[in-house]
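First comes the structure, then the notes that go with it.
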Amino acid sequence: MKEYKFKIADKEYLASVVEQEDGGLEVTVDGKIYNVELPDRKPAPKPVVKHAPAPAPVAPVATKPAAQPSAGASSAVTAPLNGKITQVLVKAGDTVAAGQAVVVLEAMKMENDITTEFGGTVKSVLVAAGDQVDTGQALVELA
């Protein structure tokens with residue numbers, strides 16, 4: 001819709017114009033509606049919507065049991081992206097299970113639970129609430 005102000009013989013008018021599918025116009029002047037035909041104007045072509053074909057079915061992926069660090073080795077939980085630590089959920093000596101959240105990382109105005117891939121005992125917490133971290137930085141070390 002387009003709006004126009006115009007003046008005829010010192011009187012001001014407000015008009016709105018809406019293009020119709022048949023190529024005509026619906027013109028409203030001071031609350032009165034006029035359907036206007038434009039003989040040289042052809043209807044606008046309707047857009048053609050093409051739908052993408054459905055994706056091919058995906059074969060299920062076999063899951064393997066959660067990996068465990070080798071005996072005596074330590075494993076670090078690292079930051080998947082840059083951000084700010086808002087909460088540390090574990091402390092040294094805590095026992096954690098694979099998939100358990102160990103810290104909360106705020107990135108791009110979203111809070112993300114950072115989880116451990118391995119179960120084990122927290123050997124050390126390398127960050128504190130309020131710390132800025134970089135991608136790949138170690139956050140918690142497990143034994």
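Condition first: touching a Phe, Trp or Tyr at 6+ places or on another chain (Cβ under 6 Å) and either at pLDDT 95 or above or surrounded by 13 or more Cβ atoms within 10 Å (Cβ to Cβ) (or both). Can you find one or more residues in the stretch 91-108 that meet it? First the steps, then the outcome.
Keep residues of the stretch 91-108 that are touching a Phe, Trp or Tyr at 6+ places or on another chain (Cβ under 6 Å), which gives 98.
Subsequent filtering for residues that are either at pLDDT 95 or above or surrounded by 13 or more Cβ atoms within 10 Å (Cβ to Cβ) (or both) retains 98.
Yes, that holds for at least one residue.
Yes/no per residue for (1) at pLDDT below 70; (2) within 30 Å of Ala101 (Cβ to Cβ):
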site	(1), (2)
Phe6	no, no
Leu14	no, no
Glu21	no, no
Leu25	no, no
Thr28	no, no
Ile33	no, no
Ala52	no, no
Ala73	yes, yes
Thr86	no, yes
> Taking the stretch 109-128, which residues are open to solvent by 70 Å² or more (accessible area, probe 1.4 Å) and of a type in the set (A, V, I, L, M, F, W, C)?
Replying inline: Met110, Leu126
> Quick one: how many residues across the stretch 4-30 are within 25 Å of Asp40 (Cα to Cα), open to solvent by less than 70 Å² (accessible area, probe 1.4 Å), outside any loop (DSSP other than H, G, I, E, B) and not β-branched (Val, Ile, Thr)?
Replying inline: 4
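Residues that are within 25 Å of the chain's Cα centre (by Cα), of a type in the set (A, V, I, L, M, F, W, C) and closer than 15 Å to Ser75 by Cβ: which strands (runs of 3 or more DSSP E) entirely in the stretch 85-143 hold 1 or more of them?
Details: elements: 101-107, 110-115, 120-125, 138-142.
Output list reads 101-107, 110-115.
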> Just one of Pro43, Pro47, Pro65 is at pLDDT below 70, surrounded by 10 or more Cβ atoms within 10 Å (Cβ to Cβ) and in a loop (DSSP other than H, G, I, E, B); which is it?
Replying inline: Pro43
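The values are calculated or read from the model by the stated rules, or taken from the named source; none is laboratory data. Everything quoted here is computed from the prediction, not taken from an experiment. Cβ atoms come from the backbone with ideal geometry, glycine included; neighbour counts cover every protein chain shown. Quick note on the areas: whole protein, heavy atoms, side chains included, nothing else; ligands and nucleic acids left out. Shrake-Rupley method; radii C 1.70, N 1.55, O 1.52, S 1.80 Å.
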